[in-house]
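Every number in this text was worked out from the coordinates using simple rules, so none of it is lab data. Note that the structure is predicted; figures quoted are calculated from it, not measured. Neighbour counts run over all protein chains shown; Cβ positions are idealised from the backbone, glycine included.
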Amino acid sequence: MTAPDTALPPVPARVVLADVEPAIALGPLDGRYRPTVAPLVDHLSEAALNRERLHVEVEWVLHLTEHGVVPGAPTLDAVEADYLREVVTSFGADEIAELAEIERTTVHDVKAVEYFLKRRLAAAPEVLGRPTVLPAAAELVHFACTSEDVNNLAYARMVRGAVRDVWAPAATALVDEVAALAHRYAEVPLLALTHGQPATPTTLGKELAVLAHRLRRQLRRVAGDEYLGKINGATGTYGAHVVAVPGADWEVVARTFVERLGLTWNPLTTQIESHDWQAELYADVARFHRVLHNLATDVWSYISRGVFRQVPVAGATGSSTMPHKVNPIRFENAEANLEISCALLDTLSATLVTSRLQRDLTDSTTQRNIGPAFGHGLLAIDNVRRGLRALDVDTDLLARELDENWEVLGEPVQSVMRAAAVAGVPGMDNPYERLKDLTRGRRLTAQDMREFVAGLGLPDEAAARLAALTPATYTGLAASIVGHLEDAPR
C-alpha cells in the first residue's frame, strides 16, 4: 500500500505587508486603538521627545544669554527670542523629516538636534530679513552639556505633560463617573457576597463608593509626585562648566534653569538624573491601574450575576454563534490593557533606578516604552468609562436575591442577643452558636426567622426592631457613608 502524500502544496507569494504604504502599524495602539490614545502622541512619541529636546536646547541658550552667564555672549532681543521659540512651536512633519536626515549622518539623536538648531540660527538673518546676533549664539547651543542633560529634562517635561494633560484628566473623569454612580445607587440594597457566599447586605452605591474612594486616593498620590531634572555635565560635577566659565555660579544657573522648565532640581546625580522620580510616579500610576482592574473585575462579576444589565448597542454582535449574548467586552478589554500597562510600568520602575556607575544605555531604550505603558492604561480607562455608561441596574433581581437569603439576618439577631445579655436579660446565652445552628448551610424564610426571634424572650423594643428588619433594610449606614466621597480631599 502506498503511503499518502503528506507534502504541503506550495504557498503562493503574498504581498509583503511591511512594504505597504502608508505604513501598517505593528501594534494595536498605533492601529485599531489609535483614536483613543492619539493625545499621548503629543507627549510620549519619538517626535515629541525631539521637540522637547529642542525646547530644552532653546531655553538653555535663552537662559545663558538673559543672565549673561558666558562672557561675550550676545544679548537677544524679543524678536530673536521669539524666533528661537518658534523653532519649537513650528516643529512638524517637515522638521521631523529633516531631523531624521541629520541623524542618519550623526548616528546620534541629541547631536542631530544640536545641528538642527544651529541650522536655524544660521538661517536667522534671511528668515528675519534683517541683521541679527543669532548666528553668533550658535556655540551656546548644547554649551557644557552632555546628552543626558538634555534628555532627562526632555523626558521629565514629556511625562509631566502626558500625566497632567492626558492621563490624569481621563482618570479623574472616570473616577467622577464612578462617584456619580455611587451617589445614584447609594440607597439600592444589595446582597453582599464574601468568598462568593451570601453575606451582610450593603448597597450598590456604597460598594461603588469604596472603589471611587480608593481611586481618588491614588490620584492624589500621582498629583503629588515630583518631576526632577539636572543639567550638571558628563559626570554630574559641572567640570566643563567651571573650566569654561570659572566665574559663574553654576549651581545657581542649573537650579534656576531646571525650575524655569517647571521641574524640581536634583543637585546630586551621576551622568544621568537618577530616575527615582519616574519609579515613584509609575508605581503610583500602576497602583491606580490595579485598583481600576479590581473595579473592572467586580463590575464584570455584577454583570455575570445579573446585578447590572448591559444596554445592547444597535448593530453590535456579542457572539459569532450565540445571538442572545451581550458580552462585557469593555471590562474585559480594560482588564487586559491594565495588566499590560502595569507590567510595563513595573519594568520601567525596576529598570530605571539602576545604572552602572556613571551610566549605561538600558535607560535609553527603556524610556522609549513610556508611551505604550500609558497608552494601554489610557485605553483601559476609556473602555471602563464606555462600559459603565452602558449599564442598568436590575432592581427586581436585587430584591429577589435579598428575599431569598433571610439567613443573613443571623448576624444582627445574635448581635441583639449579645447586647441584651450584657444588659442582664436572661436566656440570651450562646447567641452565636444558636444562630449558627439555625442558619449554617440552610435557606430560611421570613417566617422561619421571625418565629425564631419571637421565641427568644427579647425585650419588646428589641423584638419589634428585629421583627421589622428584612434583608433589604439591613444595610446599616451604607447609604450615608457614600457621602465621605465629598469629604475626602481631591
- With Rh as the Kirkwood radius over Cα pairs, the range 23-143 has Rg/Rh of 1.05
- Query: What's the Cα-based Rg to Rh of the range 152-204, Rh via Kirkwood?
  - Reply: 1.35
- Message: Taking θ = phi - 60°, what integer Hz values does the Karplus form 6.51 cos²θ - 1.76 cosθ + 1.60 yield along the range 229-239, in sequence order, with x for Gly and Pro?
- Response: x, 8, 8, 10, x, 5, 10, x, 10, 6, x
- Item | Interchain or long-range residues, amide H under 5 Å from residue 190's placed H | 202, 203, 204
- Cα convex hull of the range 342-391 - mean projected area over all directions, nm²: 3.6 nm²
- Computed [θ] at 222 nm, helices only, for the chain once each DSSP H run of length n ≥ 4 contributes -39500 (n - 2.57): -18500 deg cm²/dmol
- Task: Kindly write out, for the range 113-119 in residue order, the coupling ³J(HN,Hα) from the Karplus curve 6.51 cos²θ - 1.76 cosθ + 1.60 (θ = phi - 60°), rounded to whole Hz, with x marking Gly and Pro.
- Result: 5, 4, 5, 4, 5, 5, 4
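In Å, what Kirkwood hydrodynamic radius results for the range 381-490 from the alpha-carbon pair distances?
Numbers: mean 1/r = 0.0604 Å⁻¹.
Evaluated over the range 381-490, this radius sits at 16.6 Å.
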- For the range 28-76, what does the equivalent ellipsoid look like in terms of its semi-axes, each the square root of 5 times an eigenvalue of the Cα gyration tensor, given largest first in whole Å? 38, 7, 6
- Message: Placing one identical point scatterer on every Cα of the range 334-425 and ignoring solvent, what is log10 I(q)/I(0) from the Debye formula at q = 0.14, 0.22, 0.25 Å⁻¹?
- Response: -0.72, -1.03, -1.13
- Any idea what Rg and Dmax come out to for the chain if you just take the C-alpha atoms, in Å? 32.1, 104
- Query: Quick one: putting +1 on the C-beta of Lys and Arg, -1 on the C-beta of Asp and Glu, what dipole do you get for the range 346-410 around its Cα centre, in Debye to the nearest 20?
  - Reply: 840 debye
- Message: With unit charges on the beta carbons (Lys and Arg positive, Asp and Glu negative) and the dipole taken about the Cα centre of the range 56-178, which residue among 70, 133, 84 sits farthest to the positive side?
- Response: 70
- Task: List, in order, the whole-Hz ³J(HN,Hα) value for each residue of the range 41-55 obtained from phi through the Karplus relation with A = 6.51, B = -1.76, C = 1.60 and θ = phi - 60°; use x for Gly and Pro.
- Result: 4, 5, 10, 10, 8, 4, 5, 5, 4, 5, 5, 5, 4, 4, 4
- Computed on Cα atoms only, the convex hull of the range 114-176 has an orientation-averaged projected area in nm² of 6.4 nm²
- Message: Out of the trypsin sites (Lys or Arg not before Pro) in the range 25-104, which ones are loop residues according to DSSP with at most 14 other C-beta atoms within 10 Å?
- Response: 32
- D (Stokes-Einstein, µm²/s), Kirkwood Cα radius, the range 145-257, 1.306 mPa s at 10 °C: 87 µm²/s
- For the range 233-309, what is the convex hull (Cα atoms) projected area averaged across all directions, in square nanometres? 7.4 nm²
- Item | Dipole moment magnitude, nearest 20 debye, the range 1-86 about Cα centre, only Lys, Arg, Asp, Glu C-beta charged | 540 debye
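Quote the relative contact order of the chain in percent (integer), defining contacts as alpha-carbon pairs under 8 Å separated by 6+ residues.
16 percent
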- Before anything else, pin down the relative contact order of the range 137-292: Cα pairs under 8 Å, at least 6 apart, normalised by residue count, whole percent. 28 percent
